[in-house]
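Each remark here refers to the structure printed beneath this line.
The values are calculated or read from the model by the stated rules, or taken from the named source; none is laboratory data. In this text, all values refer to a predicted model and were calculated from it rather than measured experimentally. Cβ placement follows ideal geometry from the backbone for every residue including glycine, while neighbour counts extend to all protein chains displayed. Ligands, DNA and RNA are excluded from the accessible area calculation, which covers all protein heavy atoms including side chains. Shrake-Rupley method; radii C 1.70, N 1.55, O 1.52, S 1.80 Å.
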Amino acid sequence: MNLLIIGGVGGAGLLIFGFLAFVFFIFWVVTIIDIVRSNFQDPNMKLIWILIVIFTNPIGTIIYWIIAPNQKINNFNRFN
């Protein structure tokens, strides 16, 4: 029995899938960190975005990066 063949996927396929899964996991962690560190116009949006990203992988992560930048408070002028 060849352990590198699982469901007709060879070793190279598993390596590619594993690499893509790792890249997505890093992207997911960066998204969660960005949500926690950001200030939103509505205080409840932080909790809502965390729940969306956790429960709707990977769609929620992609939607966050498209929609959320418009919902954040701009802190560039807070020292002026």
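Among the residues of region 49-74, those that are open to solvent by less than 80 Å² (accessible area, probe 1.4 Å), more than 12 Å from Ile32 (Cα to Cα) and modelled with pLDDT of 90 or more comprise Thr56, Ile63, Ile67.
For region 29-44, the candidate set comprises residues that are in contact with a Lys or Arg (Cβ under 9 Å, 6 or more places away or on another chain) and in a helix (DSSP H, G or I); within that set, the residue that is most open to solvent (accessible area, probe 1.4 Å) is Val36.
Would you check if there is a residue in region 8-25 being in contact with a Leu (Cβ under 8 Å, 6 or more places away or on another chain), at pLDDT below 85 and of a type in the set (A, V, I, L, M, F, W, C)? The answer is yes; a qualifying residue exists.
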